[in-house]
Each structure stands twice: as C-alpha cells, then as structure tokens.
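**Student:** Have a look at the structure that comes next, please.
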Amino acid sequence: MTITQGGTFNFQLSCPSPYLCTNFSIIMILPIVAYGAPVLRTVAKDIDADYPGLAALIEDMWETMYASNGVGLAAPQINRDIRLFVMDSAQIFANLDEEDKGRYPDDPGIKLVFINAYVKSFGGEEWAYNEGCLSIPKIREDIHRPEEVTLTYVDENLQPQEKTFNGITARIIQHEYDHTEGKLFIDYLKPLKRKLMKGKLSDITKGKVKVDYKMTFPK
Ligand code: NI
C-alpha cells in the first residue's frame, strides 16, 4: 500500500499494521540544499558500514532524486557531509531523441550507489555536455569533462569495487563525485561567465527562484 500525503511523504506499508511486522519503512522526500550552503563547499567524509540508517537514507535519496526529476543526487545536497551519491543514467537514455540513439557507449544506462568513492584516473578525450544541478536550479551550461572515469568505491551491498565508466554514466558520476569534493559544475566555467551569473546565483541563495521540488535556502 502506498499513501502519498501532499506529495511530500510516501508512507509505504507492506503489512496491514506496522505493529504486526518489522519490514515496513517510511520513505521520505528530503529537501535539497540550495547554492550558497556551506555543506556544498565541504569535502565530505568517508562513512562506515554501520553508519546509522544507511539503507533508509539511500532509499530516501532515490525517492528525492526521482521526485525532483534528477538523474543523480549526492549526500551534501541533502545536507549530509558524507561520501555518498546515487545516479541513474538509464533515465537519460529512456528520454533520448531518436537522432541521439546509439550515440553513447553506455546505452541503456545504469542505476548505481557510490559509497566512499575516490577517482583513480580519468581517460579519453574531453567532451561537452549540457549540465544542470538540483542545488542550482534554472542554470544549465555546457561543461567539458573527460570521457572516462575509474573509481574505487563501496556499492549498496557494501562490496568494494573498482570500475571504469564512460558515456553519460561517467558524466553523471563525475558531476556527483564533485559534490562530495565540495565542487560544483559552475566551477568549470570561465571567470567572465561566472561573473555574469552572479546575480542569478545570489537569487538562488536567497530563495528567489521557482522550483517544483522542496528546497532549503541559506538566505
Ligand atoms: Ni549537482
């Protein structure tokens, strides 16, 4: 049974009464932290397997990401300074124009959780892709990043991994990984372009922006 209250909370109960069972969960849509918040400029910390409520937090991050039409979400964006991010590149492939089909090597995309991720190396040519960020609404810019990225990380089953990604998947991973390093996509822009968007950025910090998902603003 799924009850949605005002679009903010999803109470997902898998049994008639929560008192009768142990496997029910409350999935929450978390507010997204806006540009200007110190947590977005913090180098995030590693977590242990026994980090309190990790499985529930990952579920909440999926729910929050999909509710805001994001394709990736990093923990600092929900005000946690920990090395955790989720991404789903399959959403991009599902919405690709006919002419763009077959263009990317990682088709049909993948859905992954990254815990304690560290980039080992980058590879391939740099290419431009139009990026946006849930913490910086209404701003999109072409950003150059390397084609490939190799990372070490722990997956959602707490298994250590070392993998190389390419295409759109590598693009989203690099964007989300940057969040855990206190870095934002606008940092890659030329100084003049950054200067020209100063007003827009300060409006976002003050909450003078219209979004259709829940946000918190530093003011
Ligand atoms: Ni972002």
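**Student:** Using θ = phi - 60° and the Karplus curve 6.51 cos²θ - 1.76 cosθ + 1.60, what whole-Hz ³J(HN,Hα) does each residue of the stretch 166-182 get, with Gly and Pro shown as x?
**Tutor:** Karplus values, whole Hz, x for Gly and Pro: 9, x, 5, 4, 5, 4, 5, 4, 5, 5, 5, 4, 3, 4, 6, 9, x.
**Student:** To continue, here is another question. Roughly speaking, what is the stretch gain from residue 183 to residue 45, that is 0.36 nm per residue apart minus the C-alpha to C-alpha distance, in nm to one decimal?
**Tutor:** On the way: separation 138, 0.36 × 138 = 49.68 nm, distance 1.42 nm.
This chain segment gains 48.3 nm when fully extended.
**Student:** Moving on. Pick out which of 168, 110, 32 has the largest mean-square fluctuation in a Gaussian network model of the chain, springs linking Cα atoms closer than 10 Å.
**Tutor:** Result: 110 has the largest fluctuation of those listed.
**Student:** Karplus couplings for the stretch 34-46 from phi (6.51 cos²θ - 1.76 cosθ + 1.60, θ = phi - 60°), rounded to Hz, Gly and Pro as x?
**Tutor:** 8, 3, x, 6, x, 4, 6, 10, 9, 6, 6, 9, 4
**Student:** Sum up the charges of everything whose Cβ sits under 11 Å from the Cβ of residue 74, counting Lys and Arg as +1 and Asp and Glu as -1, but leave residue 74 out.
**Tutor:** On the way: positive: 80, 83, 183; negative: 81, 176, 178, 181.
Combined, the nearby Lys, Arg, Asp and Glu give -1.
**Student:** In terms of Cα to Cα distance under 21 Å, which lysines are near enough to residue 193, apart from those fewer than 8 places away along the same chain?
**Tutor:** List returned: 138, 183, 206, 208.
**Student:** ³J(HN,Hα) across the stretch 50-62 via Karplus (A = 6.51, B = -1.76, C = 1.60, θ = phi - 60°), whole Hz, x for Gly/Pro?
**Tutor:** Once rounded to whole Hz, the list reads 9, 3, x, x, 4, 4, 5, 4, 4, 4, 5, 5, 4.
**Student:** Can you pull a Stokes-Einstein diffusion coefficient for the stretch 3-217 at 25 °C (0.890 mPa s), Rh from Kirkwood over Cα pairs, as a whole number of µm²/s?
**Tutor:** Details: Rh = 18.3 Å.
Approximately 134 µm²/s, per Stokes-Einstein.
**Student:** Give me the distance in nm between label points sitting 7 Å out from Cα along the Cα-to-Cβ direction at residue 62 and residue 142, one decimal.
**Tutor:** The two pseudo-label positions are separated by 3.6 nm.
**Student:** Let me ask something additional. Can you give the net charge of the other residues whose Cβ lies under 13 Å from the Cβ of residue 156, counting K and R as +1 and D and E as -1? Each step should come with its number before you reach the end.
**Tutor:** Numbers: positive: 111; negative: 59, 88, 155.
Residues close to residue 156 contribute a combined charge of -2.
**Student:** If Lys and Arg each add +1 and Asp and Glu each add -1, what is the summed charge of the other residues whose beta carbon sits under 14 Å from the beta carbon of residue 61? Show your work: numbers first, answer last.
**Tutor:** Numbers: positive: 80, 83, 111, 214; negative: 59, 60, 63, 88, 156, 176.
That sum, taken over residues with Cβ under 14 Å, equals -2.
**Student:** Treating cross-link reach as a plain straight distance, find the aspartates and glutamates whose alpha-carbon is under 20 Å from the alpha-carbon of residue 200, omitting any fewer than eight places away in the same chain.
**Tutor:** Cross-link targets: 131, 141, 142, 187, 212.
**Student:** Also, quick follow-up: GNM on the chain, C-alpha springs below 10 Å: top fluctuator among 85, 185, 93?
**Tutor:** Ranking 85, 185, 93 by mean-square fluctuation puts 93 first.
**Student:** Over 20 Å between C-alpha atoms is what I'm after, so list which of 111/163; 120/163; 190/210 land there.
**Tutor:** Working: 111/163 14 Å; 120/163 10 Å; 190/210 26 Å.
In this structure, 190/210 exceed 20 Å between Cα atoms.
**Student:** With n ≥ 4 as the cut-off for DSSP H runs, can you work out [θ] at 222 nm for the chain, using -39500 (n - 2.57) per run divided by the number of residues, rounded to the nearest 500?
**Tutor:** Working: 5 runs with 48 residues, N = 219.
My calculation for the chain gives -6500 deg cm²/dmol from helical runs alone.
Read-outs: derived from the displayed coordinates by stated rules, not from any lab. Remember, it's a predicted structure, so these values are computed and weren't measured experimentally. Here Cβ is always computed from backbone atoms with ideal geometry, including for glycine, and neighbour counts include all displayed protein chains.
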